[in-house]
Amino acid sequence: MITLEPPRGMADEADTWLKLGLSASGLGRFLRAAQKAAGLAGEVQVLLADDSTLKRLNRTFRGKNQPTDVLSFPAGATAVFFGDPEGPEFAGDLAISLETAARQAARFGHSLRDEVRVLLLHGVLHLAGLDHESDSGEMAAREAELRRKLGLPTSLIGRTAGPPRKRVRA
């Protein structure tokens with residue numbers, strides 16, 4: 001399930017998804033493809049929100065008082081958004097800041113849709129048990145491999161390795 005909590009100022013828009021250039025069904029299909037590619041079974045619940053929501057979640061669950069682009073909450077951890085599902089069919093929750101994603105998309109020269117997909121893949125890999133903050137590059141290598149397989153622009157981890165590059169479309 002993907003839930004859209006529109007950024008302030010968009011709450012009254014008739015079709016916020018369309019205004020953002022996003023599709024719930026399209027993101028759902030991509031999420032399932034990313035899960036399959038990463039070997040992650042079970043339902044993933046996604047919250048698309050604003051910077052203030054991600055800042056609150058980051059402060060509450062990670063002790064960091066700043067917004068971030070994506071947060072991952074694996075099954076077995078505190079269920080954050082939709083209650084406390086049980087059983088092997090639940091993989092975890094993801095939260096993505098649409099405001100941060102929009103800034104990053106502009107910085108790296110691609111669409112908000114592509115940036116949200118990059119963040120979904122990154123979050124799925126965390127739910128699958130990978131952690132770039134403590135591994136020796138395994139998550140970065142896996143993310144780069146799956147990014148290519150899924151047709152995504154520069155990976156989230158790969159961005160820290162060099163200057164931003166514009167995506168060239170053939």
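The values are calculated or read from the model by the stated rules, or taken from the named source; none is laboratory data. This structure is a prediction, so every number in the text was calculated from the model and none was measured. Backbone-built Cβ (ideal geometry, glycine too); neighbour counts: all protein chains shown.
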Checklist outcome for this item: With the first residue restricted to region 48-65 and required to be under 19 Å from L22 (Cα atoms) and among the charged types (D, E, K, R), and the second required to be assigned to a strand (DSSP E or B) and modelled with pLDDT of 90 or more, Cβ contacts under 9 Å at 6 or more apart or on different chains are D50/S97; D51/S97
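A quick yes/no check of all residues on (1) surrounded by fewer than 19 Cβ atoms within 10 Å (Cβ to Cβ); (2) at pLDDT 90 or above:
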{"site": "E13", "(1), (2)": "yes, no"}
{"site": "K19", "(1), (2)": "yes, no"}
{"site": "A37", "(1), (2)": "yes, yes"}
{"site": "Q45", "(1), (2)": "no, yes"}
{"site": "L54", "(1), (2)": "no, yes"}
{"site": "R62", "(1), (2)": "yes, yes"}
{"site": "T78", "(1), (2)": "yes, no"}
{"site": "E86", "(1), (2)": "yes, no"}
Checklist entry - On the given criteria, is G26 at pLDDT 90 or above, of a type outside the set (A, V, I, L, M) and within 15 Å of L127 (Cβ to Cβ)? => result no
Next on the checklist: Cβ contacts < 7 Å: first residue polar (S, T, N, Q), restricted to region 17-38; second residue assigned to a helix (DSSP H, G or I), any location; separation 6+ or different chain. Result?
Outcome noted: S23/W17; Q35/V124
